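Here's the structure we're looking at; comments come further down.
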Amino acid sequence: MIPINAPIFDEEELKMVKEVIQQSAMTDASYNGGNYVREFESGIRSFVGARDAIAVNSGTAALHVALMAIGVGPGDEVLLPSMTFIASANAVKATGARPVFVDVDEYYTIDSKKIEEKVTSRSKAIMPVHLYGHTADMSAIMKIANERSLYVIEDAAQSLGSVYGTRMTGTIGHIGCYSFYPGKVMTTGEGGALVTDDYVLADRARMLRNHGYDAHNSLSGFGLNYRLNQLSASIGISQLKKLPGFLQMRASNAYVLNMLLDEQIRPKVRDGSRYNWYLYTIMSERRNQISAALRAKGIDSRVYYDPPVHLTKAYLGQKGLSRTEEYSTSVLSLPVNPLVKSADLETMASTVNSII
Ligand SMILES: Cc1ncc(COP(=O)(O)O)c(C=O)c1O
């Protein structure tokens, strides 16, 4: 079966993991982390073009740390789309703040025109999610945030490598958060990272990921154990080297699908953006039929996400999200990961075109 996404390893990762084990360097609980963690952070920082990167042990941890670093807590509200993976909302909930859901635009990202109507005196931050690797409308979001004195935390868990204008997603808001879960464009097993240009926020994030220990090893605030272990960091160092090649293959697979698929059904690319093609998402009322036909031909496809977050048990009650509800019943993501071959793309296109 061609998977929707899957980790891709070779001898290099094995070599790195062996090195860490031989050095007994599994973890380092100092403020800056161990040598592999620091090298991985430096790789992330230079890949995305941010001043600082802080590695943590999941994308969820990255979001939680980011929200705590900007001081989000009980009584506050954070604006985010409901069309996202539930972890985005759970991270807000973990701080004691209330997630306020905003509908999406035709790119499946938070609708910047609908943000202001949900801003209240309790709003503290906007959390755009670059879903599927599609870029959110960052210029408009940053403008609203500046006018309303709100922070912007980018949930870039799915969009490592996506470019908006001249910047990588994750580097435009105050903090950007990535995930290195095995289904992502690169992996560390489990893992995540925050990036920021603000040294004060970076310092807070380092304390928050390590029980509240500061750079002088004094306990100077709240924190948890959100450290990335060094085995994972070493895998990340190796994966980062391959990331440009992985992204190139995704882009070329997406290009082929664009050539073969009916125009109506192709994902829309925001002007001035380049996606990382984490997923290639089409929309069809016959998605179940398409998915079953693809499965019969050995190709996996997935629905992300149905139900949307505001229709799940833990978040019931918010209204006015009609586009999110409509899209959640018809989106279907196709694989364009580096394991997908030309013949698979042709099978996907002919199957989809024959059903829509
Ligand atoms: C949009 C989004 N946000 C947050 C997360 C959480 O990341 P993780 O699974 O690494 O905790 C994920 C991924 O799984 C995601 O897709």
> Which of the residues that make up segment 24-57 are touching a His at 6+ places or on another chain (Cβ under 9 Å) and either within 15 Å of the ligand (Cβ to nearest atom) or of a type in the set (V, I, T) (or both)?
Replying inline: V56
> Does segment 36-58 contain any residue that is surrounded by 24 or more Cβ atoms within 10 Å (Cβ to Cβ), under 22 Å from V100 (Cβ atoms) and in contact (Cβ under 8 Å) with a residue 12 or more places away in the chain?
Replying inline: no
> In this structure, does A136 turn out to be within 11 Å of the ligand (Cβ to nearest atom) and under 30 Å from I235 (Cα atoms)?
Replying inline: no
>> Suppose we filter segment 2-17 for residues that are surrounded by 13 or more Cβ atoms within 10 Å (Cβ to Cβ) and either of a type outside the set (A, V, I, L, M) or in a loop (DSSP other than H, G, I, E, B) (or both); how many remain?
In response: 9
> For A251, are the conditions met, namely being under 30 Å from L14 (Cα atoms), surrounded by fewer than 19 Cβ atoms within 10 Å (Cβ to Cβ) and among the hydrophobic types (A, V, I, L, M, F, W, C)?
Replying inline: yes
> When segment 93-108 is examined, which residues are found to be in contact with a helix residue (DSSP H, G or I) (Cβ under 6 Å, 6 or more places away or on another chain) and over 18 Å from L316 (Cβ atoms)?
Replying inline: A94, T95, V104, Y108
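Residues that are assigned to a helix (DSSP H, G or I), closer than 21 Å to P307 by Cα and not hydrophobic (A, V, I, L, M, F, W, C): does segment 68-91 have at least one?
Within segment 68-91, one or more residues are assigned to a helix (DSSP H, G or I), closer than 21 Å to P307 by Cα and not hydrophobic (A, V, I, L, M, F, W, C).
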> Somewhere in segment 207-216, is a residue in contact (Cβ under 8 Å) with a residue 60 or more places away in the chain, within 13 Å of the ligand (Cβ to nearest atom), touching a Ser or Thr at 6+ places or on another chain (Cβ under 9 Å) and not polar (S, T, N, Q)?
Replying inline: no
> If you take the residues in segment 178-189 that are near the ligand (Cβ under 10 Å from one of its atoms), within 13 Å of the chain's Cα centre (by Cα) and buried (at least 18 other Cβ atoms within 10 Å of the Cβ), which one is farthest from V17 (Cα to Cα)?
Replying inline: Y178
> Of the conditions (1) farther than 30 Å from S42 by Cα; (2) over 21 Å from the mean Cα position of the chain (by Cα); (3) modelled with pLDDT of 95 or more, L231 fails just one. Which one is it?
Replying inline: (1)
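The values are calculated or read from the model by the stated rules, or taken from the named source; none is laboratory data. Predicted model only: the values in this text are computed from it and were never measured. Quick reminder, even Gly has a Cβ in these numbers, built from the backbone with ideal geometry, and neighbours come from all protein chains shown.
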